[in-house]
Amino acid sequence: MTDVVCAIRGGPGSYQTRLAALQYAADRGVAVHFVSVVDPVAYEPLHEGEQDAIRAEMAWRDLAMTRATAAHAGLDDVRFTVAVRVGALADTIAAYAREVAAGSILIGRPRSAADAALAGGGAEQFAEELRQKGGAALVVIAPAR
């Protein structure tokens, strides 16, 4: 088996996505590489130092939240990394999956219409776009209710 990539955000559904990804990796004996993607438009008014600081803060947040999720679930032995990338969502996730040679990409199913809109018009459309660009198997994780 090869490692997996899991796309995450900081919202409440990310806990369930992280948990499912950690369990998925544990079940297969692989590492999971979490990636948060920042839209480049959000960075337009900021200078490079501010952009670096934001990415570092996001990476720290993702690391802390993933460690807490793993500890809470008894999955402390699962290997994982966190990364923050800037770019178009599907393109950036696909590029990161290639970068870490992942065999699977895990994404959370949006919990609301607003979350789906952030993915570019809807969960199914985004998933199909990622399937085409990703070069890896796509697994959509439905959040717990």
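No value in this document is a laboratory result; all are computed from the given coordinates. Quick caveat: nothing in here was measured; it's all calculated off a predicted structure. Here the Cβ positions follow ideal geometry from the backbone for every residue, glycine too, while neighbour counts run over all protein chains shown.
Side notes on the structure shown:
- As a rough footprinting exposure proxy, the listed residues Asp52, Asp3 were ranked by other beta carbons within 10 Å of their own, and the order from fewest upward is Asp52, Asp3.
- Two-decimal log10 I(q)/I(0) for the chain, as the Debye equation yields it once each C-alpha is a single scatterer, q = 0.09, 0.10, 0.16 Å⁻¹: -0.25, -0.31, -0.83
- Helices that extend 24 Å or more along their long axis by alpha-carbon positions and average at least -1.0 on the Kyte-Doolittle scale are, among the DSSP H runs of the chain, 48-73.
- For the chain, adding -39500 (n - 2.57) for each run of n ≥ 4 DSSP H residues and dividing by the number of residues yields -16000 deg cm²/dmol at 222 nm.
- Each Cα pair under 8 Å and six or more residues apart adds its sequence gap; the mean of these over the residue count of the range 4-141 is a relative contact order of 32 percent.
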